[in-house]
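Participant: Take this structure first; my questions come after.
The values are calculated or read from the model by the stated rules, or taken from the named source; none is laboratory data. For clarity, every value in this text was computed on a predicted model and none was experimentally measured. Here the Cβ positions follow ideal geometry from the backbone for every residue, glycine too, while neighbour counts run over all protein chains shown. In case anyone asks, the SASA skips ligands and DNA or RNA and just uses the protein heavy atoms, side chains included. Shrake-Rupley method; radii C 1.70, N 1.55, O 1.52, S 1.80 Å.
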Amino acid sequence: MPPVTNIEDLRQIARRRIPRAIFDYADRGSYDEATLRANRDDLAALKLRQRVMIDVSGRSTATTMLGEPVAMPLAIAPTGLTGLFHADGEIHGCRAAQAFGIPFTLSTMSICSIEDVAGAVDKPFWFQLYVMRDRGFARSLVERAIAAKCSALVLTLDLQIQGQRHQDIKNGLAVPPKLTVKNMLDVATKPRWALEVLRGKRKTFGNLTEAPGAKEGLNTLSHWIAGQFDPSLSWKDVAWIRSIWPGKLILKGVLDVDDARIAAETGADALVVSNHGGRQLDGAPSSISVLPSIAEAVGERIEVMFDGGIRSGQDVMKAVALGAKGCMIGKSWLYGLAAGGQAGVTTALEIMRKELDISMALTGTKTIAGITPEILHAPRRGDVLRSGQSRQAAE
């Protein structure tokens, strides 16, 4: 790869190396993408408080998430279709994360299966679950995660109905893919990517190979998947998952204080403040704008994590300052994966840790526990979050 100094460099390399439909799947959001933009804008608007003449030798970015030691307060979030960003992408991502010392989360909608990843790595990883209409199949996924010795289950709450992502429709991204002259020409200009993906372990959703109709072809599987999003999901289903999953449970997709209070009573170990990367309810507030109120309301009862717009170690620092115990990244690690496979993911993580470490030093902070709201410019913090909410309402 050419010299890379930040996540945007990886993003630009990824844009050139993979087909547009795959890149846009990660890069874009739903409807007018107001929430997608707000995630980034509201993080950028938070200003760090520079401090000087403070002994910051012996700094450490190490901490814990869910009681597990981590090299920095960060985990790789679950992302669908990961094996199309780079052949065997889930395996490459998990290996990079584990070598670096942070958790990796495998998506239900991954290309490599739970068993594929478990057989390729040495340590437990986290597994993300969608509760489908077919509760028997959902149970089988939980049982497979248990058999693979996954150390945590991440239950996604905010996909009862899929938000419309205009760019995916325009790009023909579907199962099976809609072949148009435009996207066929695009793939033809990416021969290295195409050859690598063709040599990968799988070409479709590895965790769904035993789904009803899967052996009848992609069209049948596509119809089954489309019918599995369940608008009837409720907190009773969370209780059911808690009853059949014996390990650590994380609830992902909480964006409201009232929902956070309910989540804290479910017996889950953690919740993730998230708006699904701006890919579900467009017009919802940015994740960072609601993090402080959720952390204040439930942070003493349940571990609060954060997801939404993180592109740097400074973003991680800002989220921790506002109450997050740890953060998750989706887009940022996918850019690294598409840019350079396992090495690209490692590069993304190294960039973030270096940015976090340097920013800690320049704010007079030596440990993750020492990252408090005091590292932010207090007169601006509340104003920024309120202005972000006002701007979204106007849009």
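Participant: Percent antiparallel among DSSP beta bridges with both residues in the chain, to the nearest 5?
Facilitator: If I count the DSSP bridges inside the chain, around 15 percent turn out antiparallel.
Participant: Would you calculate, for the chain, the mean residue ellipticity at 222 nm contributed by helices, counting each DSSP H stretch of 4 or more residues as -39,500 (n - 2.57) and dividing by all residues, to the nearest 500?
Facilitator: Mean residue ellipticity at 222 nm (helix-derived): -14000 deg cm²/dmol.
Participant: What's the percent breakdown of Cα-Cα distances in the chain across 10 Å bins, shortest bin first?
Facilitator: For the chain, the binned pair fractions read 5, 23, 35, 26, 9, 1, 0 percent.
Participant: Using a 1.4 Å probe, what is the accessible area per residue for the chain, in Å²?
Facilitator: Ligands and nucleic acids excluded, the result is 42 Å² per residue.
Participant: Cβ under 11 Å from L66's Cβ, L66 left aside: what net charge do those residues give with Lys, Arg +1 and Asp, Glu -1?
Facilitator: Residues near L66 contribute -1 overall.
Participant: A further question follows. Tell me which lysines have Cα within less than 20 Å of K182's Cα, excluding those fewer than 8 residues away on the same chain?
Facilitator: Qualifying lysines at Cα under 20 Å: K170, K190.
Participant: I'd like the distance separating the alpha-carbon centroids of the stretch 68-87 and the stretch 1-57, in whole Å.
Facilitator: Each part's Cα centre sits 16 Å from the other's.
Participant: Restricting to Cα atoms and excluding each atom paired with itself, what does the Kirkwood estimate give for the stretch 13-76 in Å?
Facilitator: When all Cα pairs of the stretch 13-76 are included, the Kirkwood radius is 16.2 Å.
Participant: Give me the net charge of W193's neighbourhood, meaning all other residues with Cβ under 15 Å from the Cβ of W193; Lys, Arg count +1, Asp, Glu -1.
Facilitator: The answer is +4.
Participant: Please give the net charge around R144, taking every other residue with its beta carbon less than 13 angstrom from that of R144, where Lys and Arg add +1 and Asp and Glu add -1.
Facilitator: Summing Lys and Arg as +1 and Asp and Glu as -1 gives -2.
Participant: Okay, moving on. How would you rank 119-126, 310-317, highest first, on the average number of other Cβ atoms within 10 Å across their residues?
Facilitator: Averaged packing, sorted descending, gives the order 310-317, 119-126.
Participant: How big is the gap, in Å, between the Cα center of the stretch 127-194 and the Cα center of the stretch 238-270?
Facilitator: 23 Å
Participant: Let me ask something else about it. Using 0.36 nm per residue, how much length does the chain from V181 to S60 gain when fully extended, once their Cα-Cα distance is taken away?
Facilitator: Result: 38.4 nm gained on full extension.
Participant: Sequence-distant or interchain residues sharing an amide H contact under 5 Å with C112, placed H: which?
Facilitator: Under 5 Å from the amide H of C112 lie the amide H atoms of G83, E90, G206, each far enough along the sequence or on another chain.
Participant: Another question about this same structure. How do 280-292, 13-25, 237-249 rank on mean C-beta neighbours within 10 Å, highest first?
Facilitator: 280-292, 13-25, 237-249
Participant: Between A75 and residues 5 or more places away or on another chain, which pairs have amide H atoms under 5 Å apart, with H built 1.01 Å from N, and which residues are they?
Facilitator: Correct list: C327, M328, I329.
Participant: Of K236/K318; K203/K248; K123/K201; K248/K331; K123/K236; K252/K331, which pairs sit farther than 28 Å apart, going by alpha carbon to alpha carbon?
Facilitator: Exceeds cut-off: K236/K318; K203/K248; K123/K236.
Participant: Given a 1.4 angstrom probe, I'd like the percentage of the accessible area of the chain that is carbon and sulfur, rounded to a whole number.
Facilitator: Of all accessible area on the chain, carbon and sulfur atoms account for 54 percent.
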